[in-house]
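The values are calculated or read from the model by the stated rules, or taken from the named source; none is laboratory data. For clarity, every value in this text was computed on a predicted model and none was experimentally measured. Here the Cβ is made from the backbone with ideal geometry for all residues, glycine too, and neighbour counts use every protein chain on show.
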Amino acid sequence: MPVNYIVLAIPVFFVLIALELVITRVLEKDYYRLSDSLNDLACGILQQLLEVFVKTALFAGYLHLYRYRVLDVPSASVAAWVLCFLGVDFLYYWFHRLSHEVNAFWAAHVVHHQSEDYNLAVALRQGAFQGWFSWFFYLPLALIGFPPLMFLAVSSMNTLYQFWIHTRTIGRLGPLEWVLNTPSNHRVHHGRNPKYIDRNHGGTLIVWDRLFGTYQEEQEEPVYGITSPLQSWNPVWANLHYWVELWRTAKRTRRLADRLRLLVKPPGWQPEELGGFQPAPDVDAATYRKWDTPVPRWLALYGFVQFTLALLAAALLLFRQGVLSRAWLAAGAVFIAVSLVALGGLFERKRWATPLEAARLVALAGFFFVACGSDRAPQPRGEFLVAVDRETFVLRATDPETIRLATENFRARNAMFPLGPLRPGNGGFNAPWSWHFDPDRVRMTEIAIEVCDGRPSYVEEQLQDFLAGYCPWGARVVGVR
Ligand SMILES: [Zn+2]
Ligand SMILES: [Zn+2]
């Protein structure tokens, strides 16, 4: 799978957040609150974890349409990259604008706007279901013929660009405000003041807003957040609450047509019998109080430490997604999600939070106990777990030399395995697919690769690449059975 630039940038995000924290301390500003920032990061973690499971599926549409492309846009051309950038930014504008103007899209995007603070941590606060609502906006680029890797790189850069603009420490930037999405322009976007609502949807460029009439200059500093504040530190609820709100409105709606209309109408829309459209209420910055919960010092420290551990676990999972099996990935993701919910609950002093936290710690201790107990040296019997990209296969080798190579590879801690050129085989070992190595190129003679979960695999989907002469991702032996 191509590089995930967002995951690679995680350390840089945290360095910059630390820098902004230091600056706010020096300036004696209250731009950060612990509970709110941890909740931002928890939402970001959930989004990244879910993406591990769905990103291939979400990208499949692009790959599929790319086969019917009109042009062959050359990857080496600078003009092509510039055009791809303009295309991505333009389509992002429409995706983002509709995310604010259509209820069903807003339900996925609202997460990014729930924080009542505005700082670099808010940039990482993203809706877990956001990707499900954005992928189809970019399909025209596939049909035109922008190569998938070029598209992925450019759209990642578009996302990365938007990190630095989530800050109150940078003022206005003169003529740049005309062309670029800047901190000032994006502060407006996060405002809940009626005049700031649904303004400045641009990603990197702000010219789209100026062209299509959604631009608003920053006047007084906005009051940040959404018009009905979330009032919760639960990152799962953050992703679900607007769906539940829509469901409740739908239940009170008499006509079926109105229920369907509710999904495509802008936020605030209601059928006539419920009082019609509810415009955004006015808000007074001088008297407005952000929602908060009192957190004693010991709990803040405990929550911070536990959260840091959950964050490290999530980072480990993301960096190791290529070598972990789906079952382990899923188990890890669920455990991290439960941890984040428990920590949010503790900060809200919810009654269920302490038992949940205790159960979580017991489960964690049990896991380590079992993991340490089964620390035996592996005995190779010709069966290996091989990771190709992020899928794991059972590799059964019949040739002693293959067994020796694979064992050596495993002992050398996941060095690249010489998978070599593949060609279709006759099947065997109940394997859905089987390949043989070309004996002229590689010393291995017969290997069957079986997909563990029995579902169509990434390797199968990319068969052309594999058969074209080499395995583009390489393979690593991650276990011996
Ligand atoms: Zn937005
Ligand atoms: Zn934002």
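Data for the structure
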{"quantity": "Only one of 160, 143, 205 that is under 30 Å from residue 68 (Cα atoms), surrounded by fewer than 22 Cβ atoms within 10 Å (Cβ to Cβ) and within 16 Å of ligand 1 (Cβ to nearest atom)", "calculated": "205"}
{"quantity": "Test result for residue 21, under 24 Å from residue 9 (Cβ atoms) and either without any contact (Cβ under 8 Å) to a residue 24 or more places away in the chain or in contact with a His (Cβ under 9 Å, 6 or more places away or on another chain) (or both)", "calculated": "yes"}
{"quantity": "Conditions (1) β-branched (Val, Ile, Thr); (2) within 22 Å of residue 303 (Cβ to Cβ); (3) surrounded by fewer than 12 Cβ atoms within 10 Å (Cβ to Cβ); number of the one not met by residue 10", "calculated": "(3)"}
{"quantity": "Candidate set: the stretch 162-187, residues that are closer than 24 Å to residue 116 by Cβ and part of a helix (DSSP H, G or I); chosen: the one farthest from ligand 2 (Cβ to nearest atom)", "calculated": "184"}
{"quantity": "Residue within the stretch 87-100 that is touching a helix residue (DSSP H, G or I) at 6+ places or on another chain (Cβ under 8 Å) and in a loop (DSSP other than H, G, I, E, B) present", "calculated": "no"}
{"quantity": "Subset of the stretch 103-117 that is in a loop (DSSP other than H, G, I, E, B) and surrounded by 23 or more Cβ atoms within 10 Å (Cβ to Cβ) - its residue that is farthest from ligand 2 (Cβ to nearest atom)", "calculated": "114"}
{"quantity": "Meets criteria (part of a helix (DSSP H, G or I) and not hydroxyl-bearing (Ser, Thr, Tyr)) for residue 25", "calculated": "yes"}
{"quantity": "Search result, residues across the stretch 205-235 that are farther than 30 Å from residue 350 by Cα and part of a loop (DSSP other than H, G, I, E, B)", "calculated": "206, 213, 214, 215, 216, 217, 218, 219, 220, 221, 222"}
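So that you can scan it fast, the table gives a plain yes or no per residue for (1) assigned by TED's automatic domain parsing to the domain that holds residue 361; (2) assigned to a loop (DSSP other than H, G, I, E, B); (3) at pLDDT 95 or above:
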{"position": "270", "(1), (2), (3)": "no, yes, no"}
{"position": "273", "(1), (2), (3)": "no, no, no"}
{"position": "277", "(1), (2), (3)": "no, yes, no"}
{"position": "280", "(1), (2), (3)": "no, yes, no"}
{"position": "284", "(1), (2), (3)": "no, yes, no"}
{"position": "289", "(1), (2), (3)": "no, yes, no"}
{"position": "301", "(1), (2), (3)": "yes, no, yes"}
{"position": "304", "(1), (2), (3)": "yes, no, yes"}
{"position": "309", "(1), (2), (3)": "yes, no, yes"}
